[in-house]
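Only one structure is covered here, and it is reproduced in the block below.
Values quoted throughout were computed directly from the atomic coordinates according to the rules given, and no laboratory measurement underlies them. Every value quoted in this text rests on a predicted model; they were computed, and no experiment measured them.
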Amino acid sequence: MQTRVLVCVALLSLPTAVLTDEPTALQQIMQDLGDNLAEISDGLLNHDLELTAKGAKAIAEHPKIPPEQVHLVAKELGPEMPVFKQFDVRVHNLALEISAAATAGDREAAVSGFHRLVDGCIACHDAYKDRIAAVLKN
Ligand code: HEC
């Protein structure tokens with residue numbers, strides 16, 4: 001898994017400096033998270049816990065933000081950086097919880113985790129989305 005993450009980081013690092021209209025690396029990661037969140041909810045709505053587990057696992061294992069973007073984010077947020085990271089950790093842990101619940105066939109626990117996951121996504125967006133998007137645009 002470590003290797004795969006590193007490969008993803010390497011791939012995502014390449015084009016960001018050149019392209020302006022393309023999604024930023026973080027933006028691409030986020031678009032994938034949106035798709036994965038839809039898999040979790042589709043799975044719950046259709047009683048397909050395998051799909052729910054798949055989406056949750058993908059969120060838990062999402063690629064890292066490329067180092068140059070981490071640097072830009074850290075520069076913008078300064079002492080608030082740990083708070084930003086904490087939002088990501090919260091989402092990560094909830095995704096693991098949902099994946100485990102779905103794999104164990106515990107739909108109720110997966111539903112409860114799903115609600116808290118959405119809250120976690122939205123909490124970071126309310127606090128940082130626009131601010132970070134503006135910094136990464138250039
Ligand atoms: C640690 C903070 C953080 C967390 C947690 C987070 N996001 Fe985001 N999200 C962002 C930021 C910052 C952007 C803006 C990225 C940009 O425009 O470069 C964003 C943008 C997005 C976008 C818009 C992408 C686009 O096309 O412009 C989607 C969709 C999204 N996030 C989904 C999610 C989902 C789903 C979750 C939870 C599973 C989530 N995010 C959790 C920070 C976060």
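Computed quantities for the displayed model
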read-out: Relative contact order (percent, whole number), the range 25-81, Cα cutoff 8 Å, 6+ residue spacing; value: 34
read-out: Part-to-part distance (alpha-carbon centres) for the range 90-133 and the range 35-84, which is given in Å; value: 8
read-out: Rg/Rh ratio calculated on Cα atoms of the range 18-77 (Kirkwood radius); value: 1.13
read-out: Partners for Lys54 among lysines (Cα-Cα distance below 21 Å; same-chain residues under 8 apart left out); value: Lys64
read-out: Where only C-alpha atoms are counted, convex hull volume of the range 52-138 per residue in Å³; value: 84
read-out: Length added when fully stretched, His47-Val111, from 0.36 nm per residue minus Cα-Cα; value: 21.9 nm
